[in-house]
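Asks: Dropping the structure in here first, questions after.
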Amino acid sequence: MLIKKGAEANLYLEEWHGIKAIIKKRMPKKYRIYELDTKIRQTRTVREAQLIRNAKTVGIPSPIIYAIDLEKTTIIMKHIEGTRVKEVLNTPTFEKKQELCYQIGQLIGQLHNAGIIHGDLTTSNMIVSKNRIYLLDFGLGDHSIDLEERGVDLLLIKRAFQSAHYQYFKQCFDGLIKGYKQEVGEEMSKEVMKRLRDIERRGRYTSRGELHEG
Amino acid sequence: MMASEFICLGIESTAHTFGIGIASSENGVLVDVKSVYKPPIGAGIHPREAAQHHCEEAPSVINQALKEFGRKIDSIDTVAFSMGPGLGPALRTGATVARALATWLNKPLVPVHHAIAHIELASLLTGAKDPLVILVSGGHTTITAYAGRRWRVFGETEDITLGNLLDVFAREASLLSPGGPAVESLAKKGEKFIDLPYVVKGNDVSFSGLLTAAKKKLQMNYDLKDLCHSLQEVAFSMVAETSERALAFTEKKEVLLVGGVAANERLQQMISEIACEHNANFYVVPKRYSGDCGAQIAWTALLVHRSGIEVKVEKSYVKPKWRLDQVTIPWRDVQNCL
Ligand SMILES: Nc1ncnc2c1ncn2[C@@H]1O[C@H](COP(=O)(O)OP(=O)(O)OP(=O)(O)O)[C@@H](O)[C@H]1O
Ligand SMILES: Nc1ncnc2c1ncn2[C@@H]1O[C@H](COP(=O)(O)OP(=O)(O)OP(=O)(O)O)[C@@H](O)[C@H]1O
Ligand SMILES: [Mg+2]
C-alpha cells in the first residue's frame, strides 16, 4: 500500500516475510535525463543504507535495514510507528517544543561526532516514536568531518524551523543548539555556528555583486 | 473613469533594466516600457555603467510610457520604485527619478521589494492563489511559500544564482548578453550529455562547482552546443529536485515559476512535471513579464499602498541587500498555515 509520496521515493507499507515493513523505492524522474537519473538514484540508495547502518552503530535511532535491491533502487526497512516532528512541533498544545529540539540537537551532535553528515535535516525526516526521535532519509548524507558540511547540516534544519515552524523558531533553534553543544562541546559548536553564518551570508548577499562586476 | 480606480506609476532599476510601468487597480497593467543595458560581449554588468545607462535612458522611457498611457499625468495617484535588492548605483538612479516624479506630481512615494514584485505580477497574470514559488533570475534562486504575513524561504542557492550561472558561462563562451537565451538556443541543438557536478543539499542548491567545471570543459574544447545542453540539464534538474522536495514538504497545490530564467522552455517543462507528479497546478509567468520590468513594480505598489505603506522622500534610501523574507506582507489574505 502506498503510504507516502516523497520527493525522491514512493513509500509502501507491506507485509514482508511475515513482518510489516516500509519499502522505499526511488522512482525514476521523468524530468532528468536517463544517465543522470540512474546514477543519482543508485548512489543515494547505497548511501542511505550505508549511513543508516553506521548511524545505528553509534546509537542513533533510525530504521533497521532489512534488505536493499540496487537494481530496483529499493530499500526495505523497519516501519517506525509514530508522528513526524513536523506535525508534533506544529501542534499548538504541545508545550515541550524546546525539549524536543534539544534532543534533536543532541542527535545531530552525535552524528557529527561520528563523522556522519545527514544532508537533509528537516522535520519531515524525523519521527517521534515512544519518546524517541528516529532519523530517516539519509540519501543525501555523507561521511565527513568538514566544518562546511556540518554548517550546512545545521543551516538546513535552521531554515526548516524558520519556514515551516516560524511561530516557534526561536525556542526551537535555541533548544537545538543547546543540545548540539552538549554533544560536540562548546568550542566545536561555536565554530560550526560561525560557519553556518558564513554560508548564509555567502548565498544571500554577495553572489550578484561579485559576479556581475567580474 | 471610475472614482475608485487607483493608478500607480512604477520604476524598476535594480540591475540591467530601467523600466516604467503603469498599473490600474481596476484594469491591471496599462503600460510597460523598458530599456535594457547590455554589457559588451565577454563582460559582466558593471554597476556604475548600468546606472549610467539608466540615467541616459530614463527620459525617453518615461516619455514613451506617458505617451502610451494617453491620459493626463495627474491621473497618476502614486509613484513607486524598486527599493531593493539590487546593485546600489542602479537602484539609486531609479530612486532619484522616483523621488523627483513624486515631488513634482505631489503624490505619495511607495517602496517595493523587487522579488515580491516578480511574484505579485505573476500571481495576477496567472491567477495562482497560494503557490509554492520558484523564483529564478540573475539575483535570486529561491523556493518560497507564503505563510503568516511573510514569504518563507524553503530553499535557495548557497552561492551563485541560476541566472548568474548561465550568464557567466555564456560570457566565458563569448555569447551575446543576456546569457540565458543564448545558452537555451544552443542547448536545443546539443545532443551529447557531458557529465558535470550535480550538487543539492536538502532544498538548497550550489552552482559554483558546476560553473567551474563547465568553464574548464569549455577550455578543453568540448562542443559548445553539448556543453550548453548539459549545463542546462544538470542545473535545471537540481532546481527541479529541490523544488520537488519543497513541494512534497509543503503540500502546496500550486506551483508558480517566476523570474527571468522562467522564460526557459526546458526549465518550464521540468517544473511542470514535478507539479503534475504531486497533483499541483503549474503556472508560469508570461514570457513578456518574466524579466525585470516596471509593470511588476507598478502593480505591486498598488497592493503595498492599499495597505497604507508609503515612504517619505527624504527617507527613501535604497536597500541593496533587502531580503525577501524580511518584508511583512499585509495585503495577501491566504488562509493558510503550513
Ligand atoms: N521507516 C519509516 N517508517 C515510517 N515512516 C516512514 C519511514 N520511512 C519514511 N517514512 C515516511 O515517508 C516519508 C518520506 O520518506 P523519505 O523522507 O525517506 O522519502 P524521500 O522521498 O527521500 O523524502 P524527501 O521528500 O524528504 O526527499 C517520511 O516523511 C515519513 O513520513
Ligand atoms: N530563455 C532564457 N533561459 C534562461 N535564462 C534566461 C532566459 N531569458 C532570460 N534569462 C536570464 O534571466 C536573468 C535575468 O532575469 P531578471 O531580469 O528577472 O533578473 P535580474 O534582475 O537579473 O535578477 P532579480 O530580478 O532577481 O533582481 C538573466 O540571468 C538571463 O540570462
Ligand atoms: Mg524525506
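Asks: Could you list all residues from region B:258-294 that are touching a Pro at 6+ places or on another chain (Cβ under 9 Å) and more than 16 Å from ligand 1 (Cβ to nearest atom)?
Replies: Within region B:258-294, B:G260, B:A263, B:N264, B:N281, B:Y283, B:G291 qualify.
Asks: Looking for something of a type in the set (V, I, T) and within 16 Å of ligand 3 (Cβ to nearest atom) - is there at least one such residue anywhere in region B:288-302?
Replies: Within region B:288-302, not a single residue is of a type in the set (V, I, T) and within 16 Å of ligand 3 (Cβ to nearest atom).
Asks: Turning to a different aspect of this structure: Given the criterion open to solvent by 10 Å² or more (accessible area, probe 1.4 Å) and closer than 22 Å to B:T103 by Cβ, identify the matching residue among B:K287, B:K312.
Replies: Of the residues listed, the single one that is open to solvent by 10 Å² or more (accessible area, probe 1.4 Å) and closer than 22 Å to B:T103 by Cβ is B:K312.
Asks: With respect to B:A51, determine if the residue is out of contact with any strand residue (DSSP E or B) (no Cβ under 8 Å at 6 or more places or on another chain), buried (at least 17 other Cβ atoms within 10 Å of the Cβ) and touching a residue at least 12 places away in the same chain (Cβ under 8 Å).
Replies: Yes: the conditions hold for B:A51.
Asks: Related question: Out of B:E254, B:E233, B:E241, B:E265, report the one residue that is of a type in the set (D, E), open to solvent by 40 Å² or more (accessible area, probe 1.4 Å) and not assigned by TED's automatic domain parsing to the domain that holds B:S82.
Replies: Only one candidate passes the filter, namely B:E265.
Results for (1) over 30 Å from B:E120 (Cβ atoms); (2) within 16 Å of ligand 2 (Cβ to nearest atom), shown as yes or no for each residue.
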residue: B:A147; (1), (2): no, no
residue: B:D159; (1), (2): no, yes
residue: B:P178; (1), (2): no, yes
residue: B:K188; (1), (2): yes, yes
residue: B:I194; (1), (2): yes, no
residue: B:V200; (1), (2): no, no
residue: B:V205; (1), (2): no, yes
residue: B:S208; (1), (2): yes, yes
residue: B:T212; (1), (2): yes, no
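Asks: Mind checking which residues of region B:203-230 are buried (at least 24 other Cβ atoms within 10 Å of the Cβ), closer than 23 Å to B:T144 by Cβ and away from ligand 1 (no atom under 15 Å from the Cβ)?
Replies: Passing the criteria: only B:F207.
Asks: Go through region A:66-79 and report how many residues are surrounded by fewer than 20 Cβ atoms within 10 Å (Cβ to Cβ) and within 28 Å of A:A164 (Cβ to Cβ).
Replies: 2
Asks: Might you let me know whether region A:143-154 holds any residue that is in contact with a Pro (Cβ under 8 Å, 6 or more places away or on another chain) and over 23 Å from B:R152 (Cα atoms)?
Replies: No, that holds for no residue.
Asks: Now, a different point. Taking region B:205-225 as the region of interest, how many residues are free of Cβ contacts under 8 Å to residues at least 12 places away in the same chain and not basic (K, R)?
Replies: So the answer is 4.
Asks: So, in region B:170-202, exactly how many residues are within 11 Å of chain A (Cβ to nearest Cβ), open to solvent by less than 30 Å² (accessible area, probe 1.4 Å) and either in a helix (DSSP H, G or I) or under 30 Å from A:K158 (Cα atoms) (or both)?
Replies: Number satisfying all stated conditions: 3.
Asks: From the list B:L302, B:L256, which residue is touching a residue at least 12 places away in the same chain (Cβ under 8 Å), closer than 23 Å to B:K34 by Cβ, more than 12 Å from every other protein chain (Cβ to nearest Cβ) and out of contact with any helix residue (DSSP H, G or I) (no Cβ under 7 Å at 6 or more places or on another chain)?
Replies: The conditions single out B:L302.
Asks: From A:E35, A:E95, grab the single residue that is open to solvent by 30 Å² or more (accessible area, probe 1.4 Å), assigned by TED's automatic domain parsing to the domain that holds A:L135 and of a type in the set (D, E, K, R).
Replies: Only one candidate passes the filter, namely A:E95.
Asks: Something else now. Helices (runs of 4 or more DSSP H) wholly in region A:1-120 with at least 3 residues that are away from chain B (no Cβ under 14 Å) and within 15 Å of ligand 3 (Cβ to nearest atom) - which ones?
Replies: Answer list for region A:1-120: A:34-57.
Asks: Restricting to region A:126-166, what's the tally of residues that are at the interface with chain B (Cβ under 9 Å from one of its Cβ atoms), open to solvent by less than 20 Å² (accessible area, probe 1.4 Å) and of a type outside the set (A, V, I, L, M, F, W, C)?
Replies: Total meeting the criteria: 4.
Asks: Right, here's the next one. Among residues belonging to region B:268-284 that are open to solvent by 10 Å² or more (accessible area, probe 1.4 Å) and in contact with a helix residue (DSSP H, G or I) (Cβ under 6 Å, 6 or more places away or on another chain), point out the one that is nearest to ligand 2 (Cβ to nearest atom).
Replies: So, considering only residues that are open to solvent by 10 Å² or more (accessible area, probe 1.4 Å) and in contact with a helix residue (DSSP H, G or I) (Cβ under 6 Å, 6 or more places away or on another chain), the one nearest to ligand 2 (Cβ to nearest atom) is B:V284.
The values are calculated or read from the model by the stated rules, or taken from the named source; none is laboratory data. This structure is a prediction, so every number in the text was calculated from the model and none was measured. Please note: Cβ atoms are built from the backbone with ideal geometry, for glycine as well, and neighbour counts cover all protein chains shown. All accessible areas refer to the heavy atoms of the entire protein, side chains included, with ligands and DNA or RNA removed. Shrake-Rupley method; radii C 1.70, N 1.55, O 1.52, S 1.80 Å.
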